[in-house]
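Please read the structure below before turning to the comments.
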């Protein structure tokens with residue numbers, strides 16, 4: 001019986017035999033988004049490895065699929081599909097899902113390219129600011145003056161802004177690349193990888209929004225107290 005290296009969002013969970021994977025899917029120990037690897041078949045979704053629709057009965061997996069807006073019946077819509085899955089046939093992503101994701105790819109790729117171009121322009125600007133700051137500090141005998149502080153802050157701010165744009169651009173690019181393989185592979189593993197990249201992109205956007213809202217609130221509160229003090 002084959003053994004697979006199981007990963008979850010890039011983190012290794014260990015090596016498990018097929019029987020353990022089937023049991024883990026049914027009990028909820030494994031998730032529908034987990035991936036398995038072996039030398040013979042490469043990366044596969046755990047449903048492809050287990051080859052069973054019964055694992056969908058797991059409460060945790062069912063809840064996860066429901067929260068994602070996915071109907072489990074869409075994965076095995078007919079008795080013949082279930083029979084073929086139990087016979088060991090690899091799971092095939094439904095064409096409707098492939099079409100929906102493929103239609104988003106041109107815009108996602110466009111946004112990723114534009115963000116990448118912005119980063120490419122910002123990197124030289126960061127280097128110029130850093131060089132100017134170094135020259136200023138070496139030319140002045142009082143580096144702690146306001147001018148020296150600004151020449152230190154500006155390159156750091158520019159670099160931080162570049163990284164904040166680069167990370168989501170990479171996630172979007174990875175999503176578009178994985179979606180591009182879906183029409184040919186129709187693999188659950190590619191589907192999960194694409195959705196994982198999308199999840200990381202939106203999580204980053206959510207965290208960035210929370211930080212911006214927090215900074216905005218601090219600015220409003222600070223302005224209020226400064227006004228009261230005057």
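Rule-based calculations on the coordinates, nothing more; no lab input. This is a predicted model, so every value here is computed, not measured. Cβ atoms come from the backbone with ideal geometry, glycine included; neighbour counts cover every protein chain shown.
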Note to self: C-alpha centroids of the stretch 183-230 and the stretch 153-171 sit apart, in Å, by 14 Å
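Quick one: if the Förster radius is 35 Å, what FRET efficiency do residue 9 and residue 131 give, using the C-beta to C-beta distance and rounding to 0.05?
Working: r = 39 Å, r/R0 = 1.13.
Efficiency, rounded to the nearest 0.05: 0.35.
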FRET E, pair residue 117, residue 205, Förster distance 22 Å, beta-carbon r, rounded to 0.05:
0.65
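Over the stretch 95-229, consider all pairs of different Cα atoms and compute the Kirkwood hydrodynamic radius from their mean reciprocal separation; express it in Å, one decimal. Display every interim value, and only then the final one.
Working: mean 1/r = 0.0552 Å⁻¹.
So the Kirkwood estimate lands at 18.1 Å.
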